[in-house]
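Enquirer: First the structure, then my questions, so here it is.
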Ligand code: GLA
């Protein structure tokens, strides 16, 4: 996390007022990719990279938003009704959605500073949305339960920003528990916490290939998988989402699908089963099984869902055989970004070093490799 003391004085210098400061963490998904919008299962954890949002009220009704990362401040006359294709769409979108559900939002100054790597599959957008939401709600003295606030932040991204994401990122950023992974049922938002043992490190390896959920590939894959679901639903109307489909449905009606839709649906149906099984394995301390499921999930993500890229496949491949590896796979929206490696803690430093060297040698790209731990959810900094 960036130093909150420096952040506080930045806000004071710029806006001549003491800010209330809120933290929204990024996340890594251990398993369960492109299952959230199919009302299925995901198992993410929040990480120790986060966005800070500092807020102080204004009396003229205006909204000023400053990002230290962008080095830019933008001032609005008040809550905006529509996006402006600018980074401020994320905080403004959250503000607009909160206004839309009935909160009377006064003018404010908002400062943002984040160390979540951008466009890397670690949910920098959700971290920003969630930190902003807590900040804006503090102005009106309101508290919204975590699951409901996650839905509102997701709506900001779907309806205001225009990115068709699911609920996973906003949910984990708000509701994470330190040292735990969280198995989320994206249908009813019920969840189960699974402790991550001290002996296991989360090694996050950034391929440095940028991806964006707002870009074309994510919505294309989403459409393809939903088209597969629609074929099953023609025969079995009780399958509105792939969450409700079985491998048997795929065997029976898979030939009626476009070949791509068949493969996307195959991934999602299998991934739901793997994710629930992975949580059981983690709860039972069966790391071997967890690693096997992660490997299978990566194969499926890469080959059936075609959601990987050569660099991410290389990063996963190069991790194999390194001492301490439990499991490795591409994490997040896909097409670049980071891999998650579960690694025995005592081997983590050597693992990170060796993986970085192997990747640089193979691809000519210097990766960033971070040894992380599972953090708590969004909160106010005292
Ligand atoms: C992005 C989206 C999530 C989820 C993942 C893929 O992170 O924001 O909602 O769909 O991709 O699992």
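Values in this text are rule-based calculations from the coordinates and carry no lab data. Note that the structure is a prediction, hence the values are computed from the model and not measured. Cβ: placed from backbone, ideal geometry, glycine included. Neighbour counts: every protein chain shown.
Enquirer: Which of rounded, prolate, oblate describes the stretch 116-221, given a ≥ b ≥ c as roots of the alpha-carbon gyration tensor eigenvalues and a/c under 1.5 marking rounded, otherwise prolate only if a/b is larger than b/c?
Expert: Cα axes put the stretch 116-221 in the oblate bin.
Enquirer: Let me ask another. Going by the alpha-carbon gyration tensor, a ≥ b ≥ c the square roots of its eigenvalues, is the stretch 262-334 rounded (a/c under 1.5) or, if a/c is not under 1.5, prolate (a/b greater than b/c) versus oblate?
Expert: oblate
Enquirer: For a quick protection proxy, order the peptides 345-352, 141-148, 123-130 by their average other-Cβ count within 10 Å, most packed first.
Expert: The densest-packed peptide leads the list: 123-130, 345-352, 141-148.
Enquirer: For 168, 92, what's the fewest-to-most ordering of other Cβ within 10 Å of each Cβ?
Expert: 92, 168
Enquirer: Then there is this: So in the stretch 200-372, what percent of DSSP beta bridges are antiparallel if you round to the nearest 5?
Expert: 100
Enquirer: For every helix of n ≥ 4 consecutive DSSP H residues, a contribution of -39,500 (n - 2.57) applies; sum these over the chain, divide by its total residues, and give [θ] at 222 nm rounded to the nearest 500 deg cm²/dmol.
Expert: Result for the chain, helices only: -12500 deg cm²/dmol.
Enquirer: Something else about it: Quick one: go through the stretch 331-359 and flag any residue whose amide nitrogen is under 20 Å from the point 7 Å out along the Cα-to-Cβ line of residue 286.
Expert: 342-344
Enquirer: Now, a different point. What distance in nm lies between label points placed 7 Å from Cα along the C-beta direction at residue 86 and residue 248?
Expert: Here the answer is 5.6 nm between the modelled labels.
Enquirer: Could you work out the relative contact order of the stretch 200-372? I mean the mean sequence separation of Cα pairs under 8 Å and 6+ apart, divided by the number of residues, in percent.
Expert: Relative contact order here is 34 percent.
Enquirer: Here's another thing I want to ask about it. Is the stretch 182-240 rounded, prolate or oblate when judged by the Cα gyration tensor, a ≥ b ≥ c being the square roots of its eigenvalues, rounded requiring a/c under 1.5 and prolate requiring a/b larger than b/c?
Expert: oblate
Enquirer: Further, regarding this structure: Only bridges whose two residues both fall in the chain count here: according to DSSP, what percent of them are antiparallel, nearest 5?
Expert: Antiparallel bridges make up about 90 percent of those DSSP assigns within the chain.
Enquirer: Moving to a separate point now. Would you mind getting me the FRET efficiency between residue 104 and residue 349? Use the beta-carbon distance for r and R0 = 51 Å, nearest 0.05.
Expert: Efficiency, rounded to the nearest 0.05: 0.50.
Enquirer: Note down the relative contact order for the chain as a percent, whole number, built from C-alpha pairs under 8 angstrom at least six residues apart.
Expert: Result for the chain is 23 percent.
Enquirer: Does a label point 7 Å from the Cα of residue 220, set along Cα-to-beta-carbon, have any residues of the stretch 281-325 with amide nitrogen under 13 Å, and which are they?
Expert: 306-309
Enquirer: Moving to a separate point now. Need one number: nm distance between label points at residue 60 and residue 72, each 7 Å from Cα along Cα→Cβ, rounded to one decimal.
Expert: Going from the residue 60 label point to the residue 72 one covers 2.1 nm.
Enquirer: Suppose the chain between residue 366 and residue 9 were pulled fully straight at 0.36 nm per residue; how much longer would it get relative to their current alpha carbon spacing?
Expert: That works out to 125.1 nm of additional length.
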